[in-house]
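Here's the structure, in structure tokens; my notes come after.
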Amino acid sequence: MEKAWSVLQNKEFDEGSDVVTVRGIATTPRTDRVGDVVEPLGMKTNGRVKLMMFHDHRQVVGNVTFAKPNSKGIPFEAVIPKVKEAGIVQDRTNEAIHSLKYNLLDAVSIGFSANKEKTEVMKNGGLRFKEWEWLELSLVPVPANPDAVISAAKSYTASLSATVETPPASRKAVHSVKFIPRTSK
């Protein structure tokens, strides 16, 4: 499995909400810090992309609920539920939420499987992934793609909805997650 990263930062958080929604850009077509390019328009998915911690398939903490590639990147939205029942799932989702809230995990990373026939070696020795299957999105501490931007994270009740907006080009190098308090209607 291949990986590519982007950075997040927390700003506000609503303790009384039912879920935390993280939004942003999962990857862009710029060469990342390890010398690779993951082409956004080459993304394939079966529609089920899980949000994990550290690319560990035993640590699923949520679901990617929106991801639409365009030539500039892949805007995404992922939801982490606030689990009410005590147990391992509550512990795991609480760890993810608290790690975001306290800036202990400040990046996301895509896990993907490359189509080897649609992968080329670039002059810099890195790989250009022209077609790939998106397997998962992970919360991680290490960023690689300097253009991938997290535009917001919202903490809100499950009855409310949110939309994803692509951040303006002027925010390319800014990596942030903003927790915005929302109230139930």
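Out of the residues in region 1-37 that are touching a helix residue (DSSP H, G or I) at 6+ places or on another chain (Cβ under 8 Å) and of a type in the set (V, I, T), which is modelled with the highest pLDDT? Ranking the qualifying residues of region 1-37, first place goes to V20. Against the condition part of a loop (DSSP other than H, G, I, E, B) and either in contact with an Asp or Glu (Cβ under 8 Å, 6 or more places away or on another chain) or among the charged types (D, E, K, R) (or both), how does D32 come out, does it pass? Yes; evaluated as a whole, the condition is true for this residue.
Among the residues of region 72-118, which ones are surrounded by fewer than 22 Cβ atoms within 10 Å (Cβ to Cβ), part of a loop (DSSP other than H, G, I, E, B) and acidic (D, E)? E85, the sole residue that qualifies. Here the condition is being within 22 Å of R33 (Cβ to Cβ) and in contact (Cβ under 8 Å) with a residue 60 or more places away in the chain; of P75, P81, it holds for P75 alone. Scanning region 102-125 for residues that are in contact with a strand residue (DSSP E or B) (Cβ under 7 Å, 6 or more places away or on another chain) and of a type outside the set (F, W, Y) yields a total of 14.
The values are calculated or read from the model by the stated rules, or taken from the named source; none is laboratory data. None of the values given here were measured: they were computed from a predicted structure. As a convention, Cβ positions derive from the backbone with ideal geometry for all residues, glycine included, and neighbour counts pool all protein chains shown.
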